[in-house]
Amino acid sequence: MKKLLSFILAVISLYCLLIVPVSAADAEVSRYPGRTSVYYLSERYGNYEYSLNMVRNPYYQKYYNELLNYSCQVYAKLWNNKNNKDYIRRYSEQYLDLPENYCTLIFSAPEKEYDSIRDYNNSILVRYFDDENILYVSDYDYAAVVCIPDTKAYIVNKIHELEFIGVPFFTNNPYEMMPMTGDYAMGDVLIPEGEHNYDDSVTAADARFLLRYVAGLEEVGAEKQFYFCADMNFDNKINAADARLCLRTAAGLEKLSYIGYSYFQFWNDTLGVIDYEK
């Protein structure tokens, strides 16, 4: 079995090196010719020129329930009151001003019984949003992440059940942001043995690990940098195309590219239980 697995990986590796390259230039990043970094300005800032929004990244696709749960805990501990309508109105006027605005919505508890929390959330969302603008619907909390066009900013004021609106998956005090800046190598997906951090380089070990992950032979926990740096062509998927591009980068056949953070970010998402002292 091990010999067969080694043979399959070897064949995949050879294919990856010889096949016509699938580079980041073929994806959305092609709008920025000559740049070696794709600058990621998260949440509402992710729609400005020279930036990409990562809210559809596989990291969020996998952990949206946990992240929304944490956002609800933060809201309950630090913000929760029943007089938020004025705040929601001001938010819609001041912050929903881009063609695409990604937001977390937190709803009040239902007045009647539903089969599931997800059904309740969807019963609200379908009244105000098109399917393509509903990104993540919580299975366990009265919350969701949606995309709100600037032309429909007013819609949030019409949602009777809406208690709070904020940036997607907020994980800290809504008044604060966690500083995180710097560039991270696309394809740097493996922390070297004996180290505690990524080493900002792409090696054969990174490519091998990503190949094995794509083949379902490796598991990755809630390591945000892995999911961001593994999506090498920025198509919100992690698949054979990314593994191929990582391998070619490690072999020096593709130029090393970076994802850059030049603004205060919610980088270190928290998935655990909040325990703030009252």
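A compact table of results
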| read-out | value |
| --- | --- |
| Packing rank of 155-168, 129-142, 66-79, where each peptide gets the mean count of other beta carbons within 10 Å, highest leading | 66-79, 155-168, 129-142 |
| Exceeding the 31 Å Cα-Cα cut-off - candidates Lys62/Lys255; Lys152/Lys255; Lys112/Lys158; Lys112/Lys224; Lys77/Lys224 | Lys152/Lys255; Lys112/Lys224 |
| Potential lengthening between Arg90 and Lys77 on full extension [0.36 nm per residue; Cα-Cα distance subtracted] | 2.5 nm |
| Apportionment of accessible area to carbon and sulfur, segment 88-244, percent (1.4 Å) | 46 percent |
| Cut-off 10 Å between beta-carbons: net charge of the residues surrounding Ile117, Lys and Arg +1, Asp and Glu -1 | -3 |
| Rounded FRET efficiency, nearest 0.05, which uses the C-beta distance separating Ile191 from Ser116 and R0 of 41 Å | 0.60 |
| Å² per residue, accessible surface of segment 114-157 at 1.4 Å | 48 Å² |
| ³J(HN,Hα) computed for each position of segment 56-73 - Karplus, 6.51 cos²θ - 1.76 cosθ + 1.60, integer Hz, glycine/proline x | 9, 4, x, 4, 6, 4, 8, 10, 4, 5, 5, 5, 5, 4, 5, 4, 5, 5 |
| For Glu163, distant residues with modelled amide H under 5 Å away | Ile106, Phe107, Ser108 |
| Rounded to the nearest 10 Å², the accessible area of Arg127 at probe 1.4 Å | 120 Å² |
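The values are calculated or read from the model by the stated rules, or taken from the named source; none is laboratory data. From a predicted model like this one, the values you see are computed outputs, not experimental measurements. We place every Cβ from the backbone using ideal geometry, glycine too, and count neighbours over all the protein chains shown. We work out accessible area using only protein heavy atoms, side chains counted, and drop any ligands, DNA or RNA first. Shrake-Rupley method; radii C 1.70, N 1.55, O 1.52, S 1.80 Å.
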